[in-house]
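Written out below as structure tokens is the structure these notes cover.
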């Protein structure tokens with residue numbers, strides 16, 4: 001690892017949260033480059049030289065077919081081997097909102113070389129059957145993502161129409177929890193069990209974020225990059241004075257772990 005890790009933020013048609021994500025990573029101390037998918041495909045060695053790959057939010061390719069599916073398949077066919085080697089070599093991958101959907105379609109939550117048939121989860125339409133946009137609360141769970149401070153409850157906005165974690169079988173929730181892959185859950189402001197609207201999409205087990213078994217690949221539906229300054233919170237004038245938004249802690253933890 002290096003004292004100042006390099007982070008690549010991937011963009012393509014429909015990406016719309018890339019610049020906020022770059023800012024969050026730079027505030028957390030990473031050397032950050034915003035890179036188009038075509039540029040990375042032309043020079044995959046740039047991934048090998050980095051320590052962090054981030055797939056930001058948006059509506060890649062208009063979310064046609066299903067959210068994140070086209071980009072997930074494109075990455076599998078254009079950079080699948082390079083991404084698998086990157087993760088196996090100790091690289092970190094973060095997928096935010098549409099980026100989480102891409103990671104699920106790519107199969108990285110199961111493992112760097114997982115086959116599509118091994119997928120136990122999908123991100124599908126919210127239970128409300130509508131786009132959900134509001135502030136919610138997350139709790140960092142006991143998981144393989146040791147760079148997340150366990151037990152912390154923090155506010156963050158969501159904005160998605162297909163964010164519900166659906167699992168293949170009833171036993172998969174327990175298996176993922178036991179394996180330390182449930183990294184983040186929706187909770188109430190005081191850390192209690194969340195129903196709608198605190199859990200905005202009806203996810204199994206109130207799951208907001210999942211990681212791979214190594215803890216180096218993390219996907220989450222909420223947008224931590226939209227809460228990196230105190231002024232991002234809609235009620236910031238009523239809150240105690242603080243130096244940064246709560247979402248920045250996730251990026252600081254990621255950059256520290258990759259250093």
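Taken together, the values in this text are just the output of simple stated rules run on the coordinates, not laboratory data. Bear in mind the structure is a predicted one, so any value in this text is a computation, not a measurement. No Cβ is skipped: glycine too gets one built from the backbone with ideal geometry, and neighbour counts run over all protein chains shown.
For region 135-183 and region 197-258, write down the distance between their C-alpha centroids in whole Å. Measuring centre to centre over Cα atoms gives 11 Å.
Indicate, rounded to the nearest 5 percent, the antiparallel portion of the DSSP beta bridges found entirely in the chain.
Details: 24 of 41 bridges.
Taking every DSSP beta bridge within the chain, about 60 percent pair in antiparallel fashion.
Rounded, prolate or oblate: which fits region 6-258, taking a ≥ b ≥ c as square roots of the Cα gyration tensor eigenvalues, rounded meaning a/c under 1.5, else prolate when a/b beats b/c? Because its axes are fairly even, with a/c under 1.5, region 6-258 counts as rounded.
Could you list 186, 61 so that the one with the fewest beta carbons within 10 Å of its beta carbon is first and the one with the most is last?
Numbers: 186 27, 61 18.
Listed from fewest to most nearby Cβ atoms, that is 61, 186.
Once the chain from residue 133 to residue 73 is taken as fully extended at 0.36 nm per residue, the excess over their C-alpha distance is 18.9 nm.
Taken along the Cα-to-beta-carbon direction at a fixed 7 Å, the label points for residue 239 and residue 64 span 3.9 nm.
Determine, for 172, 243, 63, the number of other Cβ atoms within 10 Å of each Cβ, and report the residues in order from fewest to most. Walk me through the numbers on the way to the answer.
On the way: 172 16, 243 7, 63 19.
Ordered from fewest to most neighbouring Cβ atoms within 10 Å, 172, 243, 63 come out as 243, 172, 63.
Length gain on complete extension for the stretch residue 36 to residue 178, per 0.36 nm per residue less the alpha carbon to alpha carbon distance?
Details: separation 142, 0.36 × 142 = 51.12 nm, distance 3.68 nm.
So the extension gain works out to 47.4 nm.
Label zone of residue 204 (point 7 Å out along Cα→Cβ, amide N under 19 Å): in region 173-197 this covers 173-187, 194-196.
Which whole-number percent is the relative contact order of the chain (Cα, under 8 Å, 6+ apart)?
On the way: 590 pairs, mean separation 51.2, N = 259.
Reported relative contact order: 20 percent.
Here the extension length gained between residue 23 and residue 4 equals 5.3 nm, from 0.36 nm per residue of separation less the Cα-Cα distance.
Using a 10 Å cut-off around each Cβ, can you sort 212, 190, 198 from fewest to most neighbouring Cβ atoms?
Details: 212 25, 190 7, 198 16.
Listing 212, 190, 198 from fewest to most nearby Cβ atoms yields 190, 198, 212.
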